[in-house]
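Novice: I'd like to ask you about the structure that follows.
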Amino acid sequence: MSGEHSGRRLLEILYSYDFDIEKISEYEPVKSMYSEEEFERLWRGRTSPKGIMSCGIIFKGAKETKFTGMVSWGKNLGPFPLSVNMVSLWLNIKKSYEISKLISLADELFKWSGAEHGYISEKSKTPFNIQIQNDGYRVYAGNIYTGLYNLVWINYFGKAYLAEEDFVVPKGAVKLAHGVRLQLTDRPDDERLSDLGFLETYYSTIGDKWFWHFDEIVKDGKNYIAHLKEGFDSRKVSIPKFDRSAITRKGV
């Protein structure tokens with residue numbers, strides 16, 4: 001994702017979908033006025049004394065569509081980094097907003113980033129800030145390096161997943177550049193997306209071994225508490241062979 005051309009391409013995608021960036025910063029609160037020059041400056045990132053390169057940008061707008069975006073990348077990391085390069089958009093859209101346009105935007109971001117995993121979800125249908133209840137203590141759920149924690153309305157899977165012989169792509173998934181897009185329901189507010197039983201049918205098709213399995217997920221303030229299924233062993237969750245060569249230090 002790093003590189004000036006990649007940064008410019010991200011802006012082109014956002015502009016083409018009428019995202020008018022107004023504020024930009026490395027951190028909250030986001031108060032600085034946006035300019036392409038400031039975006040390019042932040043996109044170049046920082047380099048630590050050990051040669052680790054990193055970039056983090058937060059941007060906001062509220063004209064056509066109210067949104068907050070975040071993009072981050074790292075390079076020259078250690079041999080087995082657990083951080084992920086990512087781009088995220090949180091949108092406050094009207095019910096009249098064209099769903100096809102939303103999917104097209106996510107498709108473009110998936111192709112641009114070369115992502116291994118991505119998704120689109122309606123906020124109320126997806127638990128975020130999951131804390132896993134296990135033997136009297138709670139730990140926050142990890143990222144794709146520790147397994148898949150759920151499926152949502154629309155899910156994207158990249159090369160690493162598709163290269164695994166026992167990762168089964170369900171019928172109806174759409175081939176997309178380096179990966180696939182899997183849509184579970186017609187609309188993002190479908191009640192079935194909150195039904196663990198409904199999601200488990202997809203886990204079974206794709207392969208139970210790739211997922212964490214929960215008996216229930218309940219809201220607790222700003223967090224969600226997930227209770228593991230009896231007998232589930234998180235040490236047996238399968239992880240694809242991710243290619244980290246583009247972000248790790250050469251010769252490490």
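The values are calculated or read from the model by the stated rules, or taken from the named source; none is laboratory data. Just so it is clear, the model here is predicted, and its values are computed rather than measured. Positions of Cβ are generated from backbone atoms using ideal geometry, with glycine treated the same way; all protein chains shown enter the neighbour counts.
Novice: So which residues in region 207-252 are under 26 Å from W73 (Cβ atoms) and over 21 Å from the mean Cα position of the chain (by Cα), if there are any at all?
Specialist: Scanning region 207-252 gives R249, K250, G251, V252.
Novice: Within region 54-65, which residues are under 13 Å from V30 (Cβ atoms) and either at pLDDT 95 or above or in contact with a Leu (Cβ under 8 Å, 6 or more places away or on another chain) (or both)? Even if it seems obvious, please write down each step before you answer.
Specialist: Of all residues in region 54-65, those under 13 Å from V30 (Cβ atoms) come to 56-62.
Across region 54-65, the qualifying residues are G56, I57, I58, F59, K60, G61.
Novice: Taking S245 as the residue in question, decide whether it is among the polar types (S, T, N, Q) and over 30 Å from S96 (Cβ atoms). Step through it out loud before you land on a result.
Specialist: Working: among the polar types (S, T, N, Q): yes; over 30 Å from S96 (Cβ atoms): yes.
In short, yes.
Conditions (1) in contact with a Ser or Thr (Cβ under 7 Å, 6 or more places away or on another chain); (2) of a type in the set (A, V, I, L, M), marked per residue:
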{"residue": "L162", "(1), (2)": "no, yes"}
{"residue": "Q183", "(1), (2)": "no, no"}
{"residue": "R192", "(1), (2)": "yes, no"}
{"residue": "A226", "(1), (2)": "no, yes"}
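Novice: Related question: Sort out which residues of region 200-232 are surrounded by 15 or more Cβ atoms within 10 Å (Cβ to Cβ), in contact with a strand residue (DSSP E or B) (Cβ under 7 Å, 6 or more places away or on another chain) and of a type in the set (A, V, I, L, M), and write them in order of number.
Specialist: I217, I225, A226, L228 - these are the residues of region 200-232 that are surrounded by 15 or more Cβ atoms within 10 Å (Cβ to Cβ), in contact with a strand residue (DSSP E or B) (Cβ under 7 Å, 6 or more places away or on another chain) and of a type in the set (A, V, I, L, M).
Novice: What is the residue count in region 167-190 for residues that are touching a residue at least 60 places away in the same chain (Cβ under 8 Å) and more than 16 Å from T205 (Cα to Cα)?
Specialist: 8
Novice: Now, a different point. Going through region 139-155 one residue at a time, which ones are surrounded by 14 or more Cβ atoms within 10 Å (Cβ to Cβ) and either basic (K, R) or within 21 Å of S245 (Cβ to Cβ) (or both)?
Specialist: First pass over region 139-155, keeping only residues surrounded by 14 or more Cβ atoms within 10 Å (Cβ to Cβ): 141-142, 144-145, 147-155.
Listed by number, the residues that qualify are I144, Y145.
Novice: May I ask you to list the residues in region 192-202 that are closer than 17 Å to K123 by Cα and touching a Lys or Arg at 6+ places or on another chain (Cβ under 8 Å)? Break it down stepwise before answering.
Specialist: Let us first name the residues in region 192-202 that are closer than 17 Å to K123 by Cα, namely 192-196, 199.
Once the filter is applied, which keeps residues that are closer than 17 Å to K123 by Cα and touching a Lys or Arg at 6+ places or on another chain (Cβ under 8 Å), region 192-202 yields L193, S194.
Novice: With the checklist (1) touching a Gly at 6+ places or on another chain (Cβ under 8 Å); (2) basic (K, R); (3) closer than 20 Å to T126 by Cβ in hand, flag the one item K95 doesn't pass.
Specialist: Evaluating K95 over (1) touching a Gly at 6+ places or on another chain (Cβ under 8 Å); (2) basic (K, R); (3) closer than 20 Å to T126 by Cβ leaves (1) as the failure.
Novice: Further question on the same structure: Which one of I217, I239, I154 is aliphatic (A, V, I, L, M), under 26 Å from N134 (Cα atoms), outside the structural domain of L91 (by TED's automatic domain parsing) and out of contact with any His (no Cβ under 8 Å at 6 or more places or on another chain)?
Specialist: On the way: I217 fails: out of contact with any His (no Cβ under 8 Å at 6 or more places or on another chain); I154 fails: under 26 Å from N134 (Cα atoms).
Unique residue meeting the criteria: I239.
Novice: With (1) within 24 Å of L182 (Cα to Cα); (2) in contact with an Asp or Glu (Cβ under 8 Å, 6 or more places away or on another chain) as the list, and M1 as the residue in question, which single condition is left unmet?
Specialist: M1 satisfies every listed condition except (2).
Novice: Another question, if that's okay. Of all residues in region 84-101, which are out of contact with any strand residue (DSSP E or B) (no Cβ under 6 Å at 6 or more places or on another chain) and in contact (Cβ under 8 Å) with a residue 40 or more places away in the chain?
Specialist: V84, I99, K101
Novice: While we're here: Report, by residue number, each residue of region 24-73 that is in contact (Cβ under 8 Å) with a residue 60 or more places away in the chain and surrounded by fewer than 16 Cβ atoms within 10 Å (Cβ to Cβ).
Specialist: Across region 24-73, the qualifying residue is only G51.
Novice: Sort out which residues of region 105-138 are surrounded by 18 or more Cβ atoms within 10 Å (Cβ to Cβ) and on the phi > 0 side of the Ramachandran plot, and write them in order of number.
Specialist: none
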